[in-house]
Ligand code: 8YV
């Protein structure tokens, strides 16, 4: 009998077909949003789940799923998973690192450029038929080249963003939980500074840190007040890292110049105040959304699930585990 799995969200049909060769699959191709009791109902008696960051899998849910053996997130971020609780229950957890680094970094730059140079704001104005003449002060933006880029969170994606900054001749400052090796700092041309210094000196501040209780509202009113009034802020990481209400107020009061957000507290709901400020670029959590990258993420999550449930060429050795100690215990 094939192991039973649940794929919580719609995914590429060919990846679903691949999963079907190994598993008895319950899918959700209609993409119905699932409350936690519905999630538990669909998961009952299943050994694996291919999850999305919108699926909260915590200790209370795990306790109701005694047959669960593997949770494979199709995302690099895994703040939706209680990894210690999964580990304690002997359940393998995996994510999809690396595969999305470069596309996400590309998108970070798209947001930064659009934000600094007012691309969407001016397009909306043009589409509204308001363009009647050239003016010297039409949509004056903030320069990017030669300015100071601040990166909060210097993991894989932060480093990929820093590498791209070299082409813009920027000064690169970063703050991170731990400092990078001197050799990597040198390669990236990035200097470690305190968070306060980063806030004060950045002309363009990029958020790429993981979300946790510690990073909740890492950028709130107090932090925004420390930034330059000419600065831009880009959030590529997770919604809860920025206090959206405080950001909307700071933008309205011109405490900072502009912001670009791909992620939101409580998404897909967007704080109504953010929708009414002009100096903001808003995108629906699409930083990793290229055909190749999303397909790569889906296939890597599938590879993890197949291997974690003891099947395929890498049985027992999922490529990107979050809790390898569970695999060691199983071996
Ligand atoms: C995903 C992401 O698109 O990888 C992550 O952490 O935020 C995005 O790439 C999304 O979370 C899907 O689960």
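Tabulated data
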quantity	calculated
Calculated [θ] (222 nm, deg cm²/dmol) that DSSP helices of n ≥ 4 give over the chain, each run adding -39,500 (n - 2.57)	-10500 deg cm²/dmol
Within the chain, percent of DSSP bridges classed antiparallel, to nearest 5	5 percent
Proportion of all alpha-carbon pairs of the range 1-160 beyond 29 Å (%)	43 percent
Most mobile listed residue (135, 36, 178) in the chain, GNM with C-alpha springs under 10 Å	135
Percent breakdown of C-alpha pair distances by 5 Å bin, ordered from the shortest bin, for the range 138-242	2, 13, 24, 26, 19, 10, 4, 1, 0
Potential lengthening between residue 183 and residue 156 on full extension [0.36 nm per residue; Cα-Cα distance subtracted]	8.2 nm
Quotient of C-alpha Rg and 2.2 N^0.38 Å, computed over the range 204-331	1.39
The range 227-321, relative contact order in percent, only Cα pairs under 8 angstrom and at least six apart counted	22 percent
Relative contact order [Cα under 8 Å, 6+ residues apart], the chain, whole percent	18 percent
R0 of 35 Å, Cβ-Cβ distance residue 143-residue 58: FRET efficiency to nearest 0.05	0.20
Descending semi-axes in whole angstrom, ellipsoid equivalent of the range 278-331, from the Cα gyration tensor	33, 14, 6
Square roots of 5 times each gyration tensor eigenvalue, C-alpha, the range 170-231, largest first, Å	21, 16, 8
Listed peptides 99-107, 113-121 by packing density, highest first (mean Cβ within 10 Å)	99-107, 113-121
Degrees between helix 156-165 axis and first principal axis of the chain (Cα, 0 to 90, nearest 10)	30 degrees
Stretchable slack from residue 289 to residue 213, in nm (0.36 nm times residue separation minus alpha-carbon distance)	24.7 nm
Förster radius 51 Å - calculated FRET efficiency between residue 21 and residue 276, Cβ distance, rounded to 0.05	0.55
Euclidean distance between Cα centres, the range 289-327 to the range 77-129, Å	20 Å
For the chain, built as a Gaussian network whose Cα springs stay under 10 Å, the top-fluctuating residue of 174, 78, 192	192
The chain, Cα convex hull volume normalised per residue, Å³	155 Å³
Extension reserve of the residue 126-residue 311 stretch, reckoned as 0.36 nm per residue once the Cα distance is removed	61.1 nm
Zone residues, the range 3-41, relative to residue 330, backbone N less than 13 Å from point 7 Å out along Cα-to-Cβ	3-4
Among 194-205, 275-286, the order from most to least packed when residues are scored by Cβ within 10 Å on average	194-205, 275-286
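Read the figures in this text as sums done on the coordinates, not as results from a lab. Since the model is a prediction, treat every value here as computed from it, not as a measurement. Cβ: placed from backbone, ideal geometry, glycine included. Neighbour counts: every protein chain shown.
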